[in-house]
1. For the range 96-113, which residues satisfy the criterion of being polar (S, T, N, Q) and either farther than 17 Å from N146 by Cβ or assigned to a helix (DSSP H, G or I) (or both)?
2. Has the range 86-95 got any residue that is outside any helix (DSSP H, G or I) and farther than 30 Å from L47 by Cα?
3. Can you name every residue in the range 222-278 that is buried (at least 22 other Cβ atoms within 10 Å of the Cβ) and charged (D, E, K, R)?
4. Take the conditions in contact (Cβ under 8 Å) with a residue 24 or more places away in the chain, assigned to a helix (DSSP H, G or I) and among the hydrophobic types (A, V, I, L, M, F, W, C) and apply them to A198. Does it pass?
5. Quick one: would you say T186 is within 15 Å of the chain's Cα centre (by Cα) and of a type in the set (S, T, N, Q)?
6. Among the residues of the range 51-69, which ones are crowded, with 24+ Cβ neighbours inside 10 Å and within 22 Å of S247 (Cβ to Cβ)?
Amino acid sequence: MNQPQIPQSADRRTLLIGGGAFLLQGCLSPASTVWPNEAAIAELRALEQSANGRLGAYILDTATGLGFGWRENERFAHASSFKMSLAAMILAGADAGTIDPDEVLRWTSKDMLWVSPVTKANLDKGLSIRELAKATLITSDNTAANVLMRRLGGPEKVTAFWRSIGDNVSRLDRYEPELNETPPGTDLDTTTPAAMAASVARLVHGDALALQSRALLRAWMAEVKTGQARIRAGFPAEWHSGDKTGSGIGKSKHVYVDLAFGGPLGRAPLIVTAYFEPKRLAEPMDPQAEAALAAVGRLAAASLSRR
């Protein structure tokens, strides 16, 4: 399916996807006003300063096609957030008949990585491609992600999937765990907040997936527990929401990522993508860095309520 490209030079205050030509399930309509005003962008800038790091964020309203962000066209590492797109690629392949989701894959103890609860429990019998896709999204199972990518042709196939849905920015180059830290001077395993927000919108609300697969992807994202202190923590409790996190804890740089959708029931969702690189390197997880992502969620919800 051909989708219009999103220019990296898009105005940070608003992104009309394809000038209104790209309509997510018919729910987006062209808009002529900027959403929101400069004050909301200033809030993102102030949040970055108070959190003491580099923040990239984009907030996209799928009901109108309008969005805004901060450092939204700068590159950040995916860390495990790419697994949402990997799972979506499996569902898209099943829709097209190019992937058999019931095919059982196997792995050995030599393949096992840290944070692999589902594959560890099923080492002896293996799992279907569908089960591995669910595991890699919901539990961020690292071994499951590598097993799937090896079966399907490598990280470059995830990049090709992004290209097929109109994302000409995002890229995946390596397997877990190497992909968690981008070598200086390269763009390996990176994306931008604006590009990923558009891709998430196409996958959870647009027509990149068949209706049943789209509903399944959203249901899996709603089950994710690793983001409880991130973007969704800033959403109103009554919102329907889901997300996929990523945490790259490297030797010289840490990155905290969350890709979320959310909104009142019956309304087209907001898509919120946030990436934060703290100046202080705390292990195993920095609650202050996660709090910065939660603050992006609160800002997104507040911006919607002010419209």
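1. Here is the first cut: in the range 96-113, the ones polar (S, T, N, Q) are 98, 108-109.
T98, S109, listed by residue number.
2. The initial filter retains those residues of the range 86-95 that are outside any helix (DSSP H, G or I), namely none.
No, the conditions are met nowhere in the range 86-95.
3. Selection gives R230, R232, D243, K244, D258.
4. Numbers: in contact (Cβ under 8 Å) with a residue 24 or more places away in the chain: yes; assigned to a helix (DSSP H, G or I): yes; among the hydrophobic types (A, V, I, L, M, F, W, C): yes.
For A198, the condition - in contact (Cβ under 8 Å) with a residue 24 or more places away in the chain, assigned to a helix (DSSP H, G or I) and among the hydrophobic types (A, V, I, L, M, F, W, C) - is met.
5. Working: within 15 Å of the chain's Cα centre (by Cα): no; of a type in the set (S, T, N, Q): yes.
No: the conditions fail for T186.
6. L55, G56, A57, Y58, I59, G69
Values in this text are rule-based calculations from the coordinates and carry no lab data. Just so it is clear, the model here is predicted, and its values are computed rather than measured. Using ideal geometry, Cβ is built from the backbone for each residue, glycine included, and neighbour counts are taken over all protein chains shown.
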